[in-house]
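Have a look at the structure below, then the notes.
The values are calculated or read from the model by the stated rules, or taken from the named source; none is laboratory data. Since the structure is predicted, the reported quantities are computational estimates derived from the model, not experimental observations. Using ideal geometry, Cβ is built from the backbone for each residue, glycine included, and neighbour counts are taken over all protein chains shown.
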Amino acid sequence: MRKPRDFDADLKALDDKVRGLKTRKVRQLGELVIAIGADALTVEELAGALTVLVETKEAGKREAWAKRGAAFFQGRARRTAPATDRNMAGAAAQPSDAQPASGRKGAA
């Protein structure tokens, strides 16, 4: 006879994974804001700019923004070491860089 499945443990494991993924996403967004220099903006300016981006439905504008973003990442890749080193550097910067930046802007 098979051992009964522990659904509670499975749900807890999935919940932990979801929390981890959300935390990683927030950290990466914070790193992106810092990398492009948007941390120099006020929270209101950044929120306003992002609101305009989200509300824009014009395909041409969105495509131009996507090309510009791709160029940013390609330029960043050329300035740094190979992709594996970039990932390691980003992972090392995550714990200390992402959280205080949002804290500073919220306090300002």
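Are there any pairs with C-beta distances below 9 angstrom linking a residue in segment 60-89 that is closer than 17 Å to I36 by Cα to a residue that is at pLDDT 85 or above and part of a helix (DSSP H, G or I), with the two at least 6 apart or on different chains, and if so which?
Cβ pairs passing all conditions: W65/L53; F72/A35; R76/A35.
Only residues that are of a type outside the set (A, V, I, L, M, F, W, C) and either closer than 16 Å to F72 by Cβ or surrounded by 12 or more Cβ atoms within 10 Å (Cβ to Cβ) (or both): list them for segment 28-44, please.
Of everything in segment 28-44, those that are of a type outside the set (A, V, I, L, M, F, W, C) and either closer than 16 Å to F72 by Cβ or surrounded by 12 or more Cβ atoms within 10 Å (Cβ to Cβ) (or both) turn out to be Q28, G30, E31, G37, D39.
Yes/no per residue for (1) among the basic types (K, R); (2) in contact with a helix residue (DSSP H, G or I) (Cβ under 6 Å, 6 or more places away or on another chain); (3) at pLDDT 65 or above; (4) part of a helix (DSSP H, G or I):
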residue	(1), (2), (3), (4)
P4	no, no, yes, no
D10	no, no, yes, yes
R76	yes, no, yes, yes
D85	no, no, no, yes
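Within segment 6-27, take every residue that is over 21 Å from the mean Cα position of the chain (by Cα) and of a type in the set (G, A, S) and give me the one that is nearest to D39 (Cα to Cα).
So the residue we want is A13.
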